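Step one of this worksheet: look at the structure below.
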Amino acid sequence: MKPKFTFLILASALMLASCSDQPFPLAYGYFRIDVPEAGYQTYTSELPYVFELSDYATVIPASPNEPYWVNIEYPEWNATIHCSYKKIDAQNLAATIEDTRTLVYKHTIRADAIAEEYFENPEHHVYGILYEIAGNAASSAQFFVTDSIHNFVRGSLYFNNLPNADSIAPVNTFITNDIRQIMETLTWK
């Protein structure tokens, strides 16, 4: 009778131990990214414009064929703002702005939303739009600035990895604020 009693106690203990909550998969987690405090320096070069550049970015020529095209690189976060410059006149301004808008809205396939933030600085003849692209689109921010007469600068932010808006959110916000700083401080030579 003792072996039966021992078996019943053991079976009861196993049944009580197995009556816990069902396991469930945990959500994915991302490494915490702490961004530093923003700091800026005036960037002057042979470009036909001057702006304030982040302390965490470097400017590299983008193309030997286009002397005023530059990449603003953030090596710590593997991100680049690709900037192009174009001479315009009053006749092709509307077409150039529409080309920029078309390039931005090609991201609607993967974007959750696209917000347009208008910018103008009449004192320095700088006008533009910042496009913030939400979701897992290839580019998370694009912009243009122009004086509406002679100069047009277009830029787009790309991270050099697969887009995942959740994992890069703090860095994306940091660099988008840098883009705002570029737009707000840009002056034409």
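The values are calculated or read from the model by the stated rules, or taken from the named source; none is laboratory data. All values reported here derive from a predicted model rather than from experimental measurement. Because the Cβ atoms are built from the backbone with ideal geometry, glycine has one as well, and the counts that use them run over all protein chains shown.
Summary of values
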{"item": "From ALA90, ALA165, ALA134, ALA115, residue being in contact with a helix residue (DSSP H, G or I) (Cβ under 8 Å, 6 or more places away or on another chain), more than 21 Å from VAL50 (Cβ to Cβ) and of a type in the set (A, V, I, L, M)", "result": "ALA165"}
{"item": "Any pair with Cβ under 7 angstrom, 6 or more apart, that starts in the stretch 90-105 at a residue that is farther than 19 Å from ALA137 by Cα and without any contact (Cβ under 8 Å) to a residue 60 or more places away in the chain and ends at one that is charged (D, E, K, R) and outside any helix (DSSP H, G or I)", "result": "THR96/LYS86"}
{"item": "The one condition in (1) acidic (Asp, Glu); (2) over 24 Å from ILE33 (Cα atoms); (3) within 10 Å of the chain's Cα centre (by Cα) that GLU132 fails to fulfil", "result": "(2)"}
{"item": "Residues of the stretch 48-68 satisfying the condition of being outside any strand (DSSP E or B), buried (at least 18 other Cβ atoms within 10 Å of the Cβ) and over 20 Å from the mean Cα position of the chain (by Cα)", "result": "TYR68"}
{"item": "Failed criterion for ASP112 (all others in (1) modelled with pLDDT under 95; (2) assigned to a strand (DSSP E or B); (3) crowded, with 16+ Cβ neighbours inside 10 Å; (4) not hydroxyl-bearing (Ser, Thr, Tyr) hold)", "result": "(3)"}
{"item": "Any hit, the stretch 69-88, residues being exposed (fewer than 13 other Cβ atoms within 10 Å of the Cβ), over 24 Å from GLY135 (Cα atoms) and among the acidic types (Asp, Glu)", "result": "no"}
{"item": "Single residue of the stretch 158-179 satisfying the filter (more than 11 Å from ASN78 (Cβ to Cβ) and polar (S, T, N, Q)) that is surrounded by the fewest Cβ atoms within 10 Å (Cβ to Cβ)", "result": "ASN164"}
{"item": "Near pairs, Cβ below 9 angstrom, 6+ apart or cross-chain, from the stretch 74-88 (on the phi < 0 side of the Ramachandran plot) to any residue that is acidic (Asp, Glu) and in a strand (DSSP E or B)", "result": "ALA79/GLU73; THR80/GLU73; ILE81/GLU73"}
